[in-house]
Amino acid sequence: MRILKEDVIIPLGRMYFIPKEDGLKAEDLIFETAGKYRVIDKPDCIAVHNDDCCKSIKVTIKIKD
């Protein structure tokens, strides 16, 4: 696995967008976080939504080999 983004802070109710490049799919990603999140697969990007009720979350995103 290689790290795509490390220690990204996603504020309460916000999203982090990952552009779909080189055939990247949501299934190719591993998310490590201490909070609740939701992955939304859009046509041009993959959105990681902070689904926690009351705090920002820190996320590390890795790509499967």
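The numbers here are math on the coordinates, done by the rules we state, and not lab data. Keep in mind the model is a prediction, meaning the values are calculated, not measured. So basically every Cβ, Gly included, is an ideal-geometry build from the backbone, and we count neighbours across all protein chains shown.
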Exercise. Which of the aspartates and glutamates could a cross-linker span from Lys62 if the Cα-Cα distance has to be under 18 Å and same-chain partners fewer than 8 positions apart are dropped?
Worked result: Glu6, Asp7, Glu21, Asp22, Glu27, Asp28, Glu32, Asp41
For this session: Taking Cα extents along the principal axes in Å as the quantity of interest, determine which of (1) 48, 29, 8; (2) 35, 24, 14; (3) 68, 46, 21 was computed from the displayed structure.
Result: (2)
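Please compare each pair in Lys5/Lys58; Lys25/Lys55; Lys20/Lys58; Lys25/Lys58; Lys36/Lys64 to a cut-off of 19 Å on the Cα-Cα distance and tell me which ones are over it.
Numbers: Lys5/Lys58 11 Å; Lys25/Lys55 27 Å; Lys20/Lys58 21 Å; Lys25/Lys58 21 Å; Lys36/Lys64 21 Å.
Too far apart for the 19 Å limit: Lys25/Lys55; Lys20/Lys58; Lys25/Lys58; Lys36/Lys64.
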Seminar exercise, completed: Met15 and Thr60 label points (each 7 Å along its Cα→Cβ direction) are spaced in nm at 2.6 nm
Exercise. Say each of Lys42 and Ile30 gets a label point 7 Å from the Cα, pointing the same way as Cα to Cβ; how far apart are those two points in nm?
Worked result: 2.7 nm
Exercise. The chain: longest stretch without exposed trypsin sites (Lys or Arg not before Pro) (DSSP loop, at most 10 other Cβ within 10 Å), sites themselves excluded?
Worked result: 26-63
Exercise. Order of Asp28, Asp44 from fewest to most other C-beta atoms within 10 Å?
Worked result: Asp44, Asp28
